[in-house]
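Read through the structure below, which is laid out as structure tokens, and then see the notes.
Just so it is clear, none of the values below were taken in a lab; they were calculated from the coordinates. Keep in mind the model is a prediction, meaning the values are calculated, not measured. Note that each Cβ is placed from the backbone with ideal geometry, even for glycine, and that neighbours are counted across all protein chains shown.
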Amino acid sequence: MPLHDLEVALAILTRLPSRLRAAPGPREIEAAVHWFPLAGALVGALAGMAYFLAGLIGLPGLSALLLALAVQVLSTGALHEIGTGRTVEALTAAAGRAGEAAASGPHAATLALCLLLLARIAALTSFWSPWSFVAALVAAGAVSHAAMAAVLLGRAASGRFRPEPTRVGLGLALAGALALSLLPPLLALQASLWAALAAAAVALWLVRKLGGCDGNGLGSVQQAAELAFLLALAAEGWPREG
């Protein structure tokens with residue numbers, strides 16, 4: 001049921017109102033992976049709308065950007081950011097067990113999240129116009145959430161989830177279509193490639209260090225892919241004036 005699958009994707013990836021009466025099970029989540037990019041795109045669209053409305057009421061660019069970032073985080077319940085923090089804590093604990101020098105888990109997680117948010121803000125300052133801001137966030141949200149679904153295909157990374165490759169492929173196609181419709185084709189492909197490389201690097205690193213990539217690790221994958229996508233756009237100077 002396509003509508004139910006979409007509701008499942010929105011329920012697990014956002015904090016938007018849901019009609020589901022119970023938490024989705026693993027099989028339901030597997031069946032909904034092709035809608036992950038749409039959930040990410042919706043979160044980006046909400047943040048972009050907040051940026052646009054902030055501009056209408058006269059907020060300066062940086063204030064509008066921070067408001068949009070707050071909407072983006074709140075609309076997911078900071079799901080991916082919390083997952084990233086917990087992953088850093090797990091990596092710190094693993095390093096300590098291996099006898100490596102490491103900061104305390106909470107301190108390392110706080111520092112990592114601060115740096116992550118600052119990097120996202122720095123990337124978003126390249127997109128002051130409402131249209132470019134919305135396009136960047138929607139495309140980045142779609143591609144980064146498709147990367148999460150793709151990582152689930154890896155046996156060591158997926159844990160209890162085994163989505164069908166066809167559904168993951170549909171999600172990748174949906175993310176690609178959204179990115180190509182919002183950005184210049186070559187730039188969309190380039191940014192998507194960087195996002196894919198970042199997602200793969202994080203997933204493989206977590207498999208090597210922790211033996212797998214759990215739900216928290218998937219949050220780290222999404223954050224890395226989204227940031228890489230935005231930085232790729234910023235590095236190319238998009239959108240160019242004139």
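Quick notes on this one:
- Volume in Å³ per residue [convex hull over Cα atoms, computed for the stretch 38-92]: 74
- All-pairs alpha carbon distance profile, the stretch 1-98, 5 Å steps from 0, percent: 2, 13, 17, 16, 15, 13, 11, 8, 4, 1, 0
- Largest GNM mean-square fluctuation among G40, G211, G171, using the chain with Cα springs under 10 Å: G211.
- Sorted by Cβ neighbour density within 10 Å, fewest at the top, the residues F161, F127: F161, F127
- Residues S181, S132, S192 in ascending order of nearby Cβ atoms (within 10 Å, fewest first): S181, S132, S192.
- 5 Å binning of all Cα-Cα separations within the chain, expressed as whole percents from 0 upward: 1, 7, 14, 19, 19, 17, 12, 7, 3, 1, 0, 0
- Helix runs (DSSP H) in the chain reaching 15 Å along axis by Cα, Kyte-Doolittle at least 1.6: 36-56, 61-75, 105-124
- Under 5 Å, built H, 5+ apart or other chain: amide partners of G212: V207
- With K and R counted +1 and D and E -1, the other residues having a Cβ less than 14 Å from that of W35 yield a net charge of -4.
- Sequence-distant contacts, meaning Cα pairs under 8 Å at least 6 residues apart, place the relative contact order of the stretch 2-235 at 27 percent.
- Mean ellipticity per residue at 222 nm, deg cm²/dmol - from DSSP H runs of n ≥ 4 across the chain, formula -39500 (n - 2.57): -25500 deg cm²/dmol
- Selection from Q190, T87, V134, by position along the positive dipole direction of the stretch 2-235 (Cβ): T87
- Sorting the segments 58-66, 78-86 by their mean number of nearby beta carbons within 10 angstrom, highest to lowest, gives 78-86, 58-66.
- Overall form of the stretch 155-242 per C-alpha gyration tensor (a/c, 1.5; a/b vs b/c): oblate
- Remark: V168, V143 ranked as V168, V143, counting other beta-carbon atoms within 10 Å and listing the fewest first.
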